[in-house]
Amino acid sequence: MMIQLAADGPQSPLLPVWPEIVIGLICIGVVYLAFHKKLLPAINKALDERREAIEGGMEKAEAVQAEARQTLEEYRAQLDDARRDASRLRQEAQEQGATLIAEMREEGQRQREEIIAAGHAQISAERQQAAEALRQDVGKIAIDLAGRLVGESLEDHARQSRTIDRFLDDLEEKAEAGR
Amino acid sequence: MNSDQTLAFETDCHLFQDCGYPAPSLWSFQFEPIFSIGGFEFNKPALLAILGSLLVVGFFWAAFGKAKVVPGKLQMVAEVLYDFVRTGIGRAVIGKQAESFVPLLVTLFFTVWMFNLWAVVPVAQLPASSIIAYPIALALVVWVTYMTVTFKTNGFVGGIRNLCVPGGLPKPIYVIVTPIELLSNVFLRPFTLAVRLFANMFAGHVLILVFLIGAWYMLGTVVGTFFAFGSLFMTLVITVFELFIQALQAYVFTILTATYISGALEEPH
């Protein structure tokens, strides 16, 4: 309202001028429309997107973590398997080694016994052979000797061999007794 | 037009000059029209109101026009303000149904705040809300919303019940309470909403004027100048205080609006 000095006095501050109310309403309407139609949807969209982005990032991180955990589990399982395999192999090798050693020892024993037995057999055969040869030689020598001493009468074969045998038996008995 | 008329007090009067302190008067709220259309005179408060609403829209358009997921500085500041109204007032008072009223609450909060803020903007230096028409316009919007929500939610009878009959009282008391509630909810609430804002900003403006005119009035003599600076300092203190009051009144206006809407949304008892 225009300043009307002195005469009328100022207008009461509590009495509104209705066109000003209209201006006020228009102002509020403009601000409301701007917020309602354009600005708040825009910012709400941005805020939602931001929240989604943050949540998406977190989900991704969680997925990666889960994968890492799974991989770790797998590795652990594999490591356990490997350890078990290794210990099993070691045990098998030990067992095999022990069997092998035992077998070889047995084989060695057997071979030794065979060799010994063979040696014994050979020795006894040779002794027998030697004894046989000796008997013949001794017989011949004795006959020769007796023939020279006694003469032709001892040429008779039967007697001769009986005499020799008796002689030899005596010899053996003597040897037995002397042993 | 002389300076007395522009500033609405006797600018020639100083201390010890046999003229009294020229206290601020209602003339401080009367303005020469910038132009006239028919009987209506377009004056400074009207200009400030329009500029204020454009500034609010302009600020948020700059901040939210191309809202980004990763905000710039301006958007971040505006987001804090927006979130304050949306969460701090809307969600806190209305609850789950707040979202559809958030645009209204945001509009009210920032329009009222901007209207108030003009009090401390150099050159403008007049809160648009100290002219009763603008608080009335704001309260009118709130009243229409309040009534619409009340009757839309509860139907006609339920709406009347919501406005007049508070639940949980002994029967005889309703004889007294019902008319009081009706008067309070339908007439006093919008009235007080408008007058509270108006009176606060009106008083704040007068308070600043008292000290500022005082500073000018006491200027001249040595002693007077000493006091004048004291008065000027008080003007600054009051201005800072007013900054606080401006935001507080915007907050009160918006939170009361939210409370009314929340009451209107209540289920019938």
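The values are calculated or read from the model by the stated rules, or taken from the named source; none is laboratory data. Since the model is a prediction, treat every value here as computed from it, not as a measurement. Positions of Cβ are generated from backbone atoms using ideal geometry, with glycine treated the same way; all protein chains shown enter the neighbour counts.
Out of B:Leu193, B:Leu248, report the one residue that is within 14 Å of another protein chain (Cβ to nearest Cβ), in a helix (DSSP H, G or I) and within 30 Å of B:Lys96 (Cβ to Cβ).
B:Leu193
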Exercise for the section: Identify, from the list B:Leu74, B:Leu48, B:Leu15, B:Leu55, the residue that is touching a residue at least 24 places away in the same chain (Cβ under 8 Å), farther than 28 Å from B:Ile131 by Cβ and hydrophobic (A, V, I, L, M, F, W, C). Expected result: B:Leu15
Problem - Which listed residue is modelled with pLDDT of 90 or more and not hydrophobic (A, V, I, L, M, F, W, C), from B:Pro24, B:Pro71, B:Pro103, B:Pro33 - result: B:Pro103
Practice task
May I ask you to list the residues in region A:118-132 that are within 27 Å of A:Glu172 (Cβ to Cβ), among the hydrophobic types (A, V, I, L, M, F, W, C) and either under 49 Å from the mean Cα position of the chain (by Cα) or not in a helix (DSSP H, G or I) (or both)?
Solution key: none
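Restricting attention to region B:30-43, does a residue exist that is assigned to a helix (DSSP H, G or I) and among the acidic types (Asp, Glu)?
no
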Fill in the blank from the handout: Going through (1) in contact (Cβ under 8 Å) with a residue 12 or more places away in the chain; (2) at the interface with chain A (Cβ under 8 Å from one of its Cβ atoms); (3) surrounded by fewer than 21 Cβ atoms within 10 Å (Cβ to Cβ) one by one, B:Ile131 fails only at (3)
Practice task
Kindly indicate whether B:Ala98 is more than 9 Å from every other protein chain (Cβ to nearest Cβ) and either assigned to a helix (DSSP H, G or I) or loosely packed, with under 14 Cβ neighbours inside 10 Å (or both).
Solution key: yes
Handout entry: Residue pairs meeting the criteria (Cβ under 8 Å; at least 6 apart or on separate chains; first in contact (Cβ under 8 Å) with a residue 24 or more places away in the chain, in region B:97-122; second assigned to a loop (DSSP other than H, G, I, E, B) and not polar (S, T, N, Q))
Key = B:Phe115/B:Pro127; B:Asn116/B:Pro127; B:Leu117/B:Pro127; B:Trp118/B:Ala124; B:Trp118/B:Leu126; B:Trp118/B:Pro127; B:Ala119/B:Leu126; B:Ala119/B:Pro127
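Yes/no per residue for (1) more than 24 Å from the chain's Cα centre (by Cα); (2) at the interface with chain A (Cβ under 8 Å from one of its Cβ atoms); (3) surrounded by 14 or more Cβ atoms within 10 Å (Cβ to Cβ); (4) closer than 27 Å to B:Gln249 by Cα:
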{"position": "B:Thr11", "(1), (2), (3), (4)": "yes, no, yes, no"}
{"position": "B:Phe16", "(1), (2), (3), (4)": "yes, no, no, no"}
{"position": "B:Val102", "(1), (2), (3), (4)": "no, yes, yes, yes"}
{"position": "B:Thr107", "(1), (2), (3), (4)": "no, yes, yes, yes"}
{"position": "B:Trp113", "(1), (2), (3), (4)": "no, no, yes, yes"}
Practice task
Kindly check whether there is at least one residue in region A:12-32 that is outside any loop (DSSP other than H, G, I, E, B), exposed (fewer than 12 other Cβ atoms within 10 Å of the Cβ) and not hydrophobic (A, V, I, L, M, F, W, C).
Solution key: no
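Within region B:179-201, how many residues turn out to be of a type in the set (Phe, Trp, Tyr) and crowded, with 16+ Cβ neighbours inside 10 Å?
Of the residues in region B:179-201, 1 are of a type in the set (Phe, Trp, Tyr) and crowded, with 16+ Cβ neighbours inside 10 Å.
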Practice task
May I ask you to say which residue of B:Val195, B:Val222, B:Val252 is touching a Lys or Arg at 6+ places or on another chain (Cβ under 8 Å), among the hydrophobic types (A, V, I, L, M, F, W, C) and either at negative phi or modelled with pLDDT of 95 or more (or both)?
Solution key: B:Val252
Handout entry: Top-ranked residue in region B:137-161 [being modelled with pLDDT under 90 and aliphatic (A, V, I, L, M); ranked as nearest to the chain's Cα centre (by Cα)]
Key = B:Ile160
Handout entry: So B:Ser28, is it in contact with a Cys (Cβ under 8 Å, 6 or more places away or on another chain), in contact (Cβ under 8 Å) with a residue 40 or more places away in the chain and either of a type in the set (S, T, N, Q) or more than 11 Å from chain A (Cβ to nearest Cβ) (or both)
Key = no
Exercise for the section: Evaluate the following for B:Val175: is it surrounded by fewer than 20 Cβ atoms within 10 Å (Cβ to Cβ), at pLDDT 90 or above and over 21 Å from B:Leu265 (Cα atoms)? Expected result: no
Practice task
With the checklist (1) modelled with pLDDT of 95 or more; (2) surrounded by 14 or more Cβ atoms within 10 Å (Cβ to Cβ); (3) more than 26 Å from B:Ile136 (Cβ to Cβ) in hand, flag the one item B:Val237 doesn't pass.
Solution key: (2)
Problem - Residue in region B:37-73 that is surrounded by the fewest Cβ atoms within 10 Å (Cβ to Cβ), counting only those that are among the charged types (D, E, K, R) and at the interface with chain A (Cβ under 7 Å from one of its Cβ atoms) - result: B:Lys68
Handout entry: Residue match in region A:50-66 (condition: in contact with a helix residue (DSSP H, G or I) (Cβ under 6 Å, 6 or more places away or on another chain), part of a helix (DSSP H, G or I) and at the interface with another protein chain (Cβ under 9 Å from one of its Cβ atoms))
Key = no
Exercise for the section: Could you figure out which of (1) within 11 Å of chain A (Cβ to nearest Cβ); (2) surrounded by fewer than 16 Cβ atoms within 10 Å (Cβ to Cβ); (3) not charged (D, E, K, R) isn't true of B:Met76? Expected result: (1)
